[in-house]
Each structure stands twice: as C-alpha cells, then as structure tokens.
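Undergrad: Mind looking over this structure? Questions follow.
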Amino acid sequence: MISMARLRQLTPYHWWLITLGAIMAAGAVGGAIVFAKGLVVTNLTDLVPWGLWITIDLSAIAMSAGAFMLCAAV
C-alpha cells in the first residue's frame, strides 16, 4: 500500500502543472474582462485597435522562427 506521505509529495512536474494552470486561469480571467468591458480595458481605440496586437504577433513569429531554426540546427 502507498503511504500517505508519498501521496502528498509534490514533484517538480506537479509544480509545473500548478504554475501553468495559474497562468491559464489568469489568461481566462483577462479574456473574460476584455469580452465583458470591451477594448477600453486594453487602452486601445477604434482608430488604431490593432497596433499592440500586431506588435506582439510579429515578435512571437520572430521568436518562434528563431526557436525552430535552433532546434533544426541541433
């Protein structure tokens, strides 16, 4: 039979899952707030609503391309 002390021990994998779950929960809460209150929460306007999002998107593409090339080289 497995002891209770062994069941309560958290491994690094469990801590990773807890951290990832907290980040995902924060993202879900943020998404719900933007959905409920609109773009005013993000400090964007209808005139240029895409500036910040395009910047984040393009930087994410550049980062992922660099990571892909590094993995391909290794």
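Undergrad: Is the C-alpha gyration tensor of the chain telling us rounded, prolate or oblate? Criteria: a/c under 1.5 is rounded; beyond that, a/b larger than b/c is prolate, otherwise oblate.
TA: On the way: a/c = 6.60, a/b = 1.50, b/c = 4.39.
It comes out oblate by the Cα gyration axes.
Undergrad: Ok, one more. Between Ala36, Ala26, Ala60, where does the largest GNM mean-square fluctuation fall for the chain, given springs only between Cα atoms within less than 10 Å?
TA: Ala60
Undergrad: Separate question: Quick check on the range 22-65: what are the equivalent-ellipsoid semi-axes from the Cα gyration tensor, as sqrt(5λ), descending, whole Å? Don't jump to the answer; show the numbers that get you there.
TA: Working: eigenvalues 87, 66, 5 Å².
The equivalent ellipsoid of the range 22-65 has semi-axes of 21, 18, 5 Å.
Undergrad: Then there's this: How far is helix 12-37 tilted, in degrees, relative to the longest principal axis of the Cα atoms in the chain, given as a value from 0 to 90 rounded to the nearest 10?
TA: Roughly 30 degrees between the two axes.
Undergrad: Okay, next question. Where does helix 51-73 land angle-wise versus the long Cα axis of the chain, in degrees 0 to 90, nearest 10?
TA: Compared with the principal axis, the helix lies near 50 degrees.
Each reported figure results from applying straightforward, stated rules to the coordinates on display, with no laboratory input. Everything numeric in this text was worked out from a predicted model, so none of it was measured.
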